[in-house]
Amino acid sequence: MKRIRDELEEGGDDGEDTREQAAPEEPAAAAEAQPEDEEDDKPLMSHYKMSRSVRKGAECPYLDTISRQNLDFDFEKCCSVTLSGHNVYACLVCGKYFQGRGPSTQAYTHALEAGHHMFMKVESGRVYCLPDMYEVQDRSLADIQYVLNPTFTAEDVSKLDGGVSWARALDGSEYMPGLVGLNNMKQNDYANVVVQALIRVWPIRDFFLRPENYASCQSLLVQRFGELVRKVWNPRAFKGQVSPHEFMQARGSWLLARSSWHAAAGSCRAVMSASSKRLIIDRQSDPLEFLSWLVNSLHLDLTGGKRKKRSVITDCLQGELEVVTEAGTGKAKEAIKDVIDHVPFLMLGLDLPAAPLFKDALEKVIIPQVPIFDILRKFDGQLVHEDIKAGRRRFRVTRLPRFMVLHVRRFLKNQFFVEKNPTIVNFPVKNLELAGCIPVPKGPDSQPAPSKYDLVANVVHEGKAGAGLYRVHIHRKVEDVWYEVQDLRVTEVLPQMVALSETYLQVYELKEQ
């Protein structure tokens, strides 16, 4: 009787001998996770002992019931019954999330009621058969585990820009890894265009594709942004689009670090919580505000709150301005000499000339145009800018960034409404030479530093102020082709059309001489 009781405690009540079998060697991380799994899945019945039985795929009769079309790992991984993000399993048949796998848990109950037997633990990617309580190990599950957790080696990252690559989704459609649509869940197009533009900065992209680069950072925002970047560049995705739901507002129940899974402390949310709910998916926001907040937050989280410490953000985007405040104005109001400050910047704001107030003789409003070189002269060190509070100031660029972000100030706010300036900015998509409009800083050899840039991303606003929509033009370097991305829609576009758009944000890459 004691032997029979021991067998039931070890294997369950399905009538099969599911006692511990000799399992193949597992990675150290997975072996260490076994006690944690057993503790997490501890059943309500104190006398029940979880099985550690492992079977190959050929020994599991339910392996072919997995439906990859129903799997979507982009959304928040919380139990569909309890809404808890702890110890969650994904049903590989219907795609729903459930908590636990022991008797009286939601996953176990779902297996009995729906007849769905294959479940994957989202924290580890391990697959179990319920209610039989054994683990399934088979190479056919590798594609699902990769979609759950895309990984890139250093060699994979080095080849991303080496040639044209296309991938095929489960529905047969083709997509471009790295240039896929982002789902607009409600009104988060302002965030989608910023993400699309920011990951064109290839050193930032390469940094976040490798979780070991920021494994020591406990910031949920950093981890979620890294997950989103890896999903966008996933060459083996089940669908040719990504939903930024977890990045925008999912709770932090688990994180990825050094290719092993571990629990994250707290239940904070990514963008929504970190921005104190200023940036959410339910309300349209300004891409400029989102970009400024995102790059500063990523930098501070990566440096542990040390603003002056270097990070991949400052290495790519940061330049330096010399700001001269004339004596007797602004902060130099009490000074007898001009006050000179050297200020770091992550983006430069460009002022548009005032839009015409009246129609022409033909009763038509002519939309004015201005060359980008004219508005860049704001930073030539000679032009004086007057401000009631800041005083009379002159700006000069003393260090050019590797990637230059320009912001065209189209929206003017007053006490009553927001007005949009429709002026078209004429700019080249290639070979923007700053030396033609501003003094170029000198390099270490006392020679003029490289100052020629190519456009890699262009964010556009369409519609009236306070409304409308945002889209982005992306240059795919390996093809030398421009694409227009508006949420899920990705279409090829001529470079001439890029230059005619109402540009709002631009990202330029410095050309090395």
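Structure above, values below:
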item: Matching entry among Q249, Q196 (being at pLDDT 95 or above, touching a strand residue (DSSP E or B) at 6+ places or on another chain (Cβ under 7 Å) and under 29 Å from A465 (Cβ atoms)); result: Q196
item: F373 being touching a His at 6+ places or on another chain (Cβ under 9 Å) and surrounded by 14 or more Cβ atoms within 10 Å (Cβ to Cβ); result: no
item: Any hit, the range 42-49, residues being within 21 Å of I144 (Cβ to Cβ) and either crowded, with 16+ Cβ neighbours inside 10 Å or modelled with pLDDT under 95 (or both); result: no
item: Residues of the range 302-327 classified as in contact (Cβ under 8 Å) with a residue 60 or more places away in the chain and under 23 Å from D380 (Cα atoms), total; result: 11
item: Members of the range 455-476 that are modelled with pLDDT of 90 or more and surrounded by fewer than 18 Cβ atoms within 10 Å (Cβ to Cβ); result: E462, L469, R476
item: Residues within the range 175-229 that are of a type in the set (V, I, T) and farther than 17 Å from L294 by Cα, tallied; result: 1
item: Those residues of the range 292-301 which are without any contact (Cβ under 8 Å) to a residue 24 or more places away in the chain and touching a helix residue (DSSP H, G or I) at 6+ places or on another chain (Cβ under 8 Å), in sequence order; result: H299
item: Residue list for the range 114-138, filter: in contact (Cβ under 8 Å) with a residue 60 or more places away in the chain, under 29 Å from the mean Cα position of the chain (by Cα) and part of a strand (DSSP E or B); result: K121
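So that you can scan it fast, the table gives a plain yes or no per residue for (1) crowded, with 20+ Cβ neighbours inside 10 Å; (2) at pLDDT below 95; (3) out of contact with any Leu (no Cβ under 8 Å at 6 or more places or on another chain); (4) not assigned by TED's automatic domain parsing to the domain that holds E59:
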| residue | (1), (2), (3), (4) |
| --- | --- |
| H86 | no, yes, yes, no |
| C91 | yes, no, yes, no |
| V122 | yes, yes, no, no |
| D161 | no, yes, yes, yes |
| D171 | no, yes, yes, yes |
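The values are calculated or read from the model by the stated rules, or taken from the named source; none is laboratory data. Source: prediction; values computed, not measured. Note that each Cβ is placed from the backbone with ideal geometry, even for glycine, and that neighbours are counted across all protein chains shown.
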